1. Taking just the alpha-carbon atoms of segment 94-138, what radius of gyration and Dmax come out, in angstrom?
2. On the accessible surface of segment 55-185, probed at 1.4 Å, how many percent belong to carbon and sulfur atoms?
3. Just going by the charge dipole of segment 36-98, with Lys and Arg at +1 and Asp and Glu at -1 on Cβ, which of 37, 97, 47 is farthest out on the positive end?
4. So how strong a dipole does segment 405-468 carry about its Cα centre when Lys and Arg Cβ are +1 and Asp and Glu Cβ are -1, to the nearest 20 debye?
5. Rounded to whole Hz and in sequence order, give me ³J(HN,Hα) for segment 374-386 from the Karplus expression 6.51 cos²θ - 1.76 cosθ + 1.60, θ = phi - 60°, writing x for Gly and Pro.
6. Enumerate the lysines that residue 103 could reach by cross-link, defined here as Cα to Cα under 25 Å, with residues fewer than 8 away along the same chain left out.
7. Can you pull a Stokes-Einstein diffusion coefficient for segment 204-254 at 4 °C (1.567 mPa s), Rh from Kirkwood over Cα pairs, as a whole number of µm²/s?
8. About the Cα centre of segment 22-115, how large is the charge dipole given +1 on each Lys and Arg Cβ and -1 on each Asp and Glu Cβ? Please answer in debye to the nearest 20.
Amino acid sequence: MALYLEHFGLKEPPFRITPHTDFFFTGAERGATLEALIYAVLHDEGIVKVSGEVGSGKTMLCRVLMERLPSHVDTIYLATPSLARDEILEAIGDELGLALSGKRTAVALRELQEHLIGRYGEGRRVVILIDEAHAMPGETLEEVRLLSNLESSRHKLLQIVLFGQPELDVTLAQPGLRPLRDRVTHAFRMRPLSRPEAARYVSFRMRAAGYRGPEVFTPRATALLQSASGGLTRRLNILADKALLSAFTESSHAVIPSHVRAAVQDSEFAAVQPRRRARTFAVGAIALAAGLALGLAAQWIWLTKPRPAVAAADAVPVSAPQLAAVVPPEPPPAQSPQRAPPYLSAEQAGRLQRYSPAGHRLLAERIAAARAVLDRAPDDGYSIELFTTDKSDPGRMERFLVRARDFVQLGELFIIPIEEGGLSRLRVVYGEFPTRDQAAAAEKRLPPRYQEAFRTELRSFSELRSQI
């Protein structure tokens, strides 16, 4: 494995199947769903449901949610869905330091409520994250409904998030579970990745693992990965890892379709056919985030414009022999491509680091994201400049970012500090686009408020870097 990492210039394996929160991919509405979940937990939004196919990233989302919640929120993670009705109360009591074992349900619920009221009075919140909820017995789900009823005179005392496979939707549709179904205030679907999203996902994981240089996976290779995996991230990770190993054995620094075919032949995905079901659009996360400001939901429409998305029902994995029909073979390069240096010079990177966000979390994250995108985006890539301001006060920019979450995916906003004449300025750009035409199309889909307030400009990454 050490040789494998050294060969590709990696600090750690990029495609582990165990959840590693440093590798959380915010594309394909994952970032928006996370923001929406945090909002729901902090604003007494009742029961929230997250569903998706096996390997679609639900557990990763759950782990990241646990990390991102504020320190005053106590999380209880239940990963054993087969708990009986009384066992789930005991498990929650154990997590909170309560001895509820052997007590009648009514007594246990009363003691739990009194304890939660005490925590609420201390300014603390409690959220229960239930993984694999689709496998829960009906009686246990009824207990979950009773738990959701625990409240003070004005506030919910427990927030509950259910993570499960699509069978959870079928279970909740049963007439006997209507009371629980009616308490689900928000529902999100983890959809499979489309081809462009799969390409961005693979690139993101490689760079999160320390890779610097031109893309290792060719476009045809990532197209094959998406087709064979059905866009499901766990399968994609397995195939991408095996494809890297195949390239390594040939001393190649590029992963081409033949390496992916070898990975597929070594896997058993073709024998598994995804279940067909009605198509569900994954826009709930965006709608909830926009709901922070009443009347602004329509401005999210630009984020849900038709784009190349793949519904799980349409993402049928193919066998190794069929892959040749999906994408024609790509001849191997005459020689392994030389790894290019990062696009940012040491001087430019130093200038970006000189601006201090003064402890403002969102601003620090968006500056770090700007450094990353400026370091990886090619010269002929484009972004949309929203505005450049002399008002470089960190607090002011932090407030802008807080409001911006109501209109756009924050993960697509980049803050670039600029030094000019001894003064600091801040440039705010949106998105990372391969071509000018794609950036221009996205510019037309910006929220109406942004189109009215800002004189947007298309900027190449070459131009953005040159003006740091």
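The values are calculated or read from the model by the stated rules, or taken from the named source; none is laboratory data. Remember, it's a predicted structure, so these values are computed and weren't measured experimentally. Every residue, glycine among them, receives a Cβ derived from its backbone with ideal geometry; neighbour counts consider all protein chains shown. Side chains are part of the model used for accessible areas, which takes the heavy atoms of the whole protein and leaves out ligands, DNA and RNA. Shrake-Rupley method; radii C 1.70, N 1.55, O 1.52, S 1.80 Å.
1. Considering segment 94-138 through its Cα atoms, Rg and Dmax are 12.8, 35 Å.
2. 47 percent
3. Of the options given, the answer is 37.
4. 80 debye
5. Couplings: 5, 7, 10, 6, x, 4, 8, x, 10, 9, 9, 7, 7 Hz.
6. 156
7. So the translational diffusion coefficient is about 113 µm²/s.
8. Dipole size: approximately 200 debye.
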